[in-house]
1. Within region 190-216, how many residues turn out to be in contact with a strand residue (DSSP E or B) (Cβ under 9 Å, 6 or more places away or on another chain) and without any contact (Cβ under 8 Å) to a residue 24 or more places away in the chain?
2. Restricting to region 70-110, count the residues that are among the basic types (Lys, Arg) and either touching a Leu at 6+ places or on another chain (Cβ under 9 Å) or buried (at least 20 other Cβ atoms within 10 Å of the Cβ) (or both).
3. Across region 167-189, what is the number of residues that are out of contact with any helix residue (DSSP H, G or I) (no Cβ under 6 Å at 6 or more places or on another chain), under 25 Å from residue 92 (Cβ atoms) and at pLDDT 75 or above?
4. Any chance you could count how many residues in region 92-142 are touching a residue at least 60 places away in the same chain (Cβ under 8 Å), in a helix (DSSP H, G or I) and farther than 18 Å from residue 43 by Cα?
5. Kindly indicate whether any position in region 122-137 is exposed (fewer than 14 other Cβ atoms within 10 Å of the Cβ) and either in contact with a Ser or Thr (Cβ under 8 Å, 6 or more places away or on another chain) or of a type outside the set (Lys, Arg) (or both).
6. For region 28-45, name all the residues that are more than 21 Å from residue 116 (Cβ to Cβ) and modelled with pLDDT of 95 or more.
7. When you go through 86, 76, 55 one by one, which is the residue that is under 30 Å from residue 173 (Cα atoms) and modelled with pLDDT under 95?
8. Mind counting the residues in region 29-82 that are of a type outside the set (Phe, Trp, Tyr) and assigned to a helix (DSSP H, G or I)?
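The values are calculated or read from the model by the stated rules, or taken from the named source; none is laboratory data. The model shown is predicted, which means the values in this text are computed figures rather than measured ones. With ideal geometry, Cβ positions are generated from the backbone for all residues, glycine too; neighbour counts draw on all protein chains shown.
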Amino acid sequence: MENEVFTPLLEQFMTSPLVTWVKTFGPLAAGNGTNLDEYVALVDGVFLNQVMLQINPKSESQRVNKKVNNDASLRIHNLSILVRQIKFYYQETLQQLVMMSLPNVLIIGKNPFSEQGTEEVKKLLLLLLGCAVQCQKKEEFIERIQGLDFDTKAAVAAHIQEVTHNQENVFDLQWMEVTDMSQEEIEPLLKNMVLHLKRLIDERDEHSETIVELSEERDGLHFLPHASSSAQSPCGSPGMKRTESRQHLSVELADAKAKIRRLRQEL
């Protein structure tokens, strides 16, 4: 049933403007790959890391696992490298701060074949597009966009506006170096900053609560009885399930802590 629900969603996503755009960097799957093959190539992160390397050849080389084989941990590793590279490029090269929530690599890694998974991949492609059209090779990449059909080209142009002219998504830090701004120009920027600050504080508090809840759940697992575990098979034993639960909670806890650190840095 899950496949029946996801298949039409997958077909729609793989024909979307952002996916069509990223295919201008090369084929997603060898030969006559299906939509599923191409989607897996996206979520595994290998292809997208190669795209980022074309955008920023000077980026620090990090080891990407080229054979993911549907391993969620390897997928998360690859995507985490990509998100860090994207964030670094916006901040250090473009002098821009990504204000929109970063793509959730845990969702893509663990549950890619879902609507939520495709939404996170879309966010990833959107940020990549913003890097591509503002990098040193932007003329080459924009020329590729010009070669797309009219409707796709118009849709990609609208997406570009989302990450180049929308301060709620990406905030331009270069205005701080301008010394002759008028009061009329400064006021909307300050209002934007206040709104962003409020959102960051709300997110920080929300993630702090999540950390507390996850910590309590994790600690509670240590007090569960272990006596009956030896009487059952290893695969279905409560001990095995507790181990899996602890691992799952540890991943979520680590992710939440990372988000808290990121929010504190942005504040």
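1. 1
2. 2
3. Looking only at that region, the number is 4.
4. Of the residues in region 92-142, 3 are touching a residue at least 60 places away in the same chain (Cβ under 8 Å), in a helix (DSSP H, G or I) and farther than 18 Å from residue 43 by Cα.
5. Yes, the conditions are met somewhere in region 122-137.
6. Listed by number, the list is empty, since nothing qualifies.
7. Criteria check complete, one pass: 76.
8. Number of matching residues: 28.
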